[in-house]
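Peer 1: Mind looking over this structure? Questions follow.
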Amino acid sequence: MLFEDLNLIMPIQKALKTEKYDKPTPIQEKAIPSILSGRDLLGCAQTGTGKTAAFAIPILQNLSSEILSDERKITRDTRHIRALILAPTRELAIQIGESFEAYGRYLRLKTTVVFGGVSQRRQTDALRAGVDILVATPGRLLDLISQGYISIHHVEMFVLDEADRMLDMGMFQDVKKIIAQLPEERQNMLFSATMPQGVSQLVSSIL
């Protein structure tokens, strides 16, 4: 199977060719059609198997399709965070953000990454300019929500990446606080290399 067999829109196919992507990995081949159809997804995959593309590509396509079918002009004031991706570390968050930028380079979607350990000024400036896709670490996200810089009430697609690492790093209380603020109707995608009890309980509560 090739990426062009997955019913992807031409701007994404063009971006994948630029990245020299030809054939999807097993998790991409299985996940992309399910996410495109709006289903919730639980994926067990190690780092390096291509899981970021497995959720980034269909998220970009679904959001882009809605924008193309919406006749209203998208402005800073009408642009809301519609996809939220939570990652356990700043390094992974940055990597995910770069992937969204690469696969969506020919689309009219804006991606921003927020994480702790650095000044928030550049991040809040980007948020003020309007964001479609937000990649975040849990602590910085909650901090910016409490300051009024971020609203996640319009999120349509939610990704929890490397859930088992978040459990090991003691982030699950923050994750639960974030999930409690999301709209009840949304598409959920959860990825984890292993399925310890804490992750299994979270899966049962959100999928």
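The values are calculated or read from the model by the stated rules, or taken from the named source; none is laboratory data. Bear in mind the structure is a predicted one, so any value in this text is a computation, not a measurement. Neighbour counts run over all protein chains shown; Cβ positions are idealised from the backbone, glycine included. What goes into the accessible areas is simple: the full protein's heavy atoms, side chains included, and nothing from ligands, DNA or RNA. Shrake-Rupley method; radii C 1.70, N 1.55, O 1.52, S 1.80 Å.
Peer 1: Counting only protein heavy atoms and using a 1.4 Å probe, what share of the accessible area of the stretch 61-207 belongs to carbon plus sulfur, as a whole percent?
Peer 2: Ligands and nucleic acids excluded, carbon and sulfur give 46 percent.
Peer 1: Only one of the values (i) 1.25; (ii) 0.97; (iii) 1.05 was calculated from this structure for Cα Rg over 2.2 N^0.38 Å; name its label.
Peer 2: Only one option fits the structure, namely (ii).
Peer 1: What FRET efficiency comes out for ALA193 versus LYS20 if R0 is 25 angstrom and r is the Cβ-Cβ distance? Round to the nearest 0.05.
Peer 2: So, using R0 = 25 Å, E works out to roughly 0.45.
Peer 1: Here's another thing I want to ask about it. Counting Lys +1, Arg +1, Asp -1, Glu -1, what net charge surrounds LEU182 among other residues with beta carbon under 12 Å of its beta carbon?
Peer 2: +1
Peer 1: Ignoring ligands, DNA and RNA, what accessible area per residue does the chain give at 1.4 Å, in Å²?
Peer 2: 49
Peer 1: LYS17: which aspartates and glutamates have alpha carbons under 14 Å from its alpha carbon, excluding same-chain residues fewer than 8 sequence positions away?
Peer 2: Result set, ordered by chain and number: GLU4, ASP5.
Peer 1: Just order 84-92, 39-47, 156-164, 14-22 by mean Cβ neighbour count inside 10 Å, highest at the front, would you?
Peer 2: Result, highest mean Cβ count within 10 Å first: 156-164, 84-92, 39-47, 14-22.
Peer 1: So what's the net charge close to VAL114: Lys and Arg +1, Asp and Glu -1, counting the other residues with Cβ under 12 Å from its Cβ?
Peer 2: With Lys, Arg at +1 and Asp, Glu at -1, the net is +2.
Peer 1: Turning to a different aspect of this structure: Helix-only mean residue ellipticity at 222 nm, the chain, DSSP H runs n ≥ 4 weighted -39,500 (n - 2.57), per residue, nearest 500. What is it?
Peer 2: -13500 deg cm²/dmol
Peer 1: Follow-up question, since we're still on this one. Is the stretch 111-166 rounded, prolate or oblate when judged by the Cα gyration tensor, a ≥ b ≥ c being the square roots of its eigenvalues, rounded requiring a/c under 1.5 and prolate requiring a/b larger than b/c?
Peer 2: It comes out oblate by the Cα gyration axes.
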